[in-house]
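Novice: Can you keep this structure in mind? I'll have questions shortly.
The values are calculated or read from the model by the stated rules, or taken from the named source; none is laboratory data. Note that the structure is a prediction, hence the values are computed from the model and not measured. As a convention, Cβ positions derive from the backbone with ideal geometry for all residues, glycine included, and neighbour counts pool all protein chains shown. Ligands, DNA and RNA are excluded from the accessible area calculation, which covers all protein heavy atoms including side chains. Shrake-Rupley method; radii C 1.70, N 1.55, O 1.52, S 1.80 Å.
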Amino acid sequence: MYPFIFKPILKEMIWGGTDLRPFKGLAPGGEPVGESWELSHVEGNFSVVANGPLAGRTIDDLMAAQGARLTGEKVMKRFGRTFPLLIKFIDARDNLSVQVHPDDRLARKRHHSFGKTEMWYVVKAAPGAALYSGFHRPVTAAEYVRRVEEGTLMEALQRYEVRAGDVFFLPAGRVHAIGAGCFIAEIQQTSNITYRIYDYGRKDADGNSRELHTALAKDAIDYSFHADYRTGYTPRPDEAVRLVACDYFTVNLLDLSRPLTRDLAALDSFVAYVCTAGRLILSDEQRNELTVHRGQTVLIPATARSVTLAPAPAATLLETFIFINKLA
């Protein structure tokens, strides 16, 4: 196998903007695009290989044919034949709805699906743009229901004005929303289960109010209170900086101005590189080589022993994989 790039799956959304196409170097289009799914094994949205001998094959084809050689033995044992991560870029011209996602237990019981833990990396943000994560004070389930009915839920949420490089970890159960003017990279479990709990009174294309999932969300919300929901880190050029480590993914930030070789031999996991800025030449120990541009995501199979990332002349990457200490 070799490093894979996939065709983006563009999602037109009523809240979407106009920055995703130029960010990814794509031809201009007419409708606002809210999301670009870079790597997806969600049913009905399978990513398609764009490069090399396997171009035209889907991620589902790769999983069926390669299995643990693609994902890693421990990853396969834990997550089965579903590729476990969904990677997106999101461009919010308008506010997204306030949402929460169920955890594995609840998602399995209700939807026969994985839960949805995710993280955000802010690629860029308009002046004053904000994200919402968690409550700004303790809230009970009864207060949540009352505030939804009254339309005052936003008053209970923690609001953060953001800028490029900000990071938020969002475990399943945390209430959250993306505000207008935010352009983010999102890494999450492979799940499309979302409970919408507030939508600013908006109408869909047919003039109807979008469905809210107040009751479903009540049992999914984690009502724990935290003083700060941001993820802190110290930037360091030309080395891997840990942003997030959880049961579902580990994410490092690589801000490169010179070549960096990453030893993957002991990892027993695929690695995905999400290029958020710049350009680089990526090569592996088998002499496979490709040029990676801003807005592209590369999937490195678990069989790879190492990769060298050579910025041309500079590049910023999110590096993500799944680390499992022992067989599940």
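Novice: Taking the conditions exactly as written (within 30 Å of Ala310 (Cα to Cα), open to solvent by 10 Å² or more (accessible area, probe 1.4 Å) and modelled with pLDDT of 95 or more), does Cys246 satisfy them or not?
Specialist: Spelling it out, Cys246 is indeed within 30 Å of Ala310 (Cα to Cα), open to solvent by 10 Å² or more (accessible area, probe 1.4 Å) and modelled with pLDDT of 95 or more.
Condition check ((1) modelled with pLDDT of 95 or more; (2) open to solvent by less than 30 Å² (accessible area, probe 1.4 Å); (3) farther than 21 Å from Pro84 by Cβ) across all residues:
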| site | (1), (2), (3) |
| --- | --- |
| Pro8 | yes, no, no |
| Leu20 | yes, yes, yes |
| Pro28 | no, no, yes |
| Glu31 | no, no, yes |
| Ser36 | yes, yes, no |
| His41 | yes, yes, no |
| Ser47 | yes, yes, no |
| Asn51 | yes, no, yes |
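Novice: Considering every residue within the stretch 291-298, establish whether at least one is open to solvent by 20 Å² or more (accessible area, probe 1.4 Å), in contact (Cβ under 8 Å) with a residue 40 or more places away in the chain, of a type in the set (Lys, Arg) and more than 25 Å from Val75 (Cβ to Cβ).
Specialist: Yes: one or more hits.
Novice: Does Phe4 meet the test of being within 16 Å of Ile87 (Cβ to Cβ), at pLDDT 95 or above and open to solvent by 30 Å² or more (accessible area, probe 1.4 Å)?
Specialist: no
Novice: Also: Take Tyr233 and decide whether it is closer than 18 Å to Glu149 by Cα, assigned to a loop (DSSP other than H, G, I, E, B) and either open to solvent by less than 70 Å² (accessible area, probe 1.4 Å) or in contact (Cβ under 8 Å) with a residue 24 or more places away in the chain (or both).
Specialist: Taking the combined requirement at face value, the residue does not satisfy it.
Novice: Follow-up question, since we're still on this one. Just checking, which of Ala272, Ala266 is among the small types (Gly, Ala, Ser) and at pLDDT below 95?
Specialist: Ala266
Novice: Test each condition in (1) open to solvent by less than 20 Å² (accessible area, probe 1.4 Å); (2) in contact with a Ser or Thr (Cβ under 6 Å, 6 or more places away or on another chain) for Thr117 and report the one that comes out false.
Specialist: It is condition (2) that Thr117 fails.
Novice: Still on this structure, please answer the following. Which one of these is in a helix (DSSP H, G or I), within 18 Å of Ala302 (Cα to Cα) and in contact (Cβ under 8 Å) with a residue 24 or more places away in the chain: Leu62, Leu86, Leu106?
Specialist: Being in a helix (DSSP H, G or I), within 18 Å of Ala302 (Cα to Cα) and in contact (Cβ under 8 Å) with a residue 24 or more places away in the chain holds for just one of Leu62, Leu86, Leu106, which is Leu62.
Novice: Six or more apart or on different chains, Cβ atoms under 8 Å: show the pairs whose first residue is in the stretch 247-272 and among the β-branched types (Val, Ile, Thr) and whose second is open to solvent by 40 Å² or more (accessible area, probe 1.4 Å).
Specialist: Pairs found: Thr250/Arg242; Thr250/Phe323; Val251/Arg242; Val251/Ala245; Thr261/Thr308; Val271/Arg262.
Novice: Restricting to the stretch 299-314, and then to whatever is touching a residue at least 60 places away in the same chain (Cβ under 8 Å) and part of a strand (DSSP E or B), can you tell me which residue is nearest to Ala164 (Cα to Cα)?
Specialist: Leu299
Novice: Oh, and also: Where residues in the stretch 251-283 are hydroxyl-bearing (Ser, Thr, Tyr) and assigned to a loop (DSSP other than H, G, I, E, B), which of them is surrounded by the most Cβ atoms within 10 Å (Cβ to Cβ)?
Specialist: Selected residue: Ser269.
Novice: Tally the residues that are in a helix (DSSP H, G or I), open to solvent by 40 Å² or more (accessible area, probe 1.4 Å) and under 10 Å from Gln99 (Cα atoms), restricting the search to the stretch 207-226.
Specialist: Matching residues across the stretch 207-226 total 0.
Novice: Somewhere in the stretch 33-56, is a residue among the β-branched types (Val, Ile, Thr), more than 30 Å from Asn325 (Cβ to Cβ) and touching a Pro at 6+ places or on another chain (Cβ under 9 Å)?
Specialist: no
Novice: On to the next question. Hey, does the stretch 182-199 have a residue that's farther than 25 Å from Gly44 by Cβ and modelled with pLDDT of 95 or more?
Specialist: Yes, the stretch 182-199 has at least one match.
Novice: Then there is this: Identify, by number, the condition in (1) of a type outside the set (A, V, I, L, M); (2) open to solvent by 40 Å² or more (accessible area, probe 1.4 Å); (3) under 22 Å from Arg294 (Cα atoms) that Arg57 doesn't meet.
Specialist: (3)
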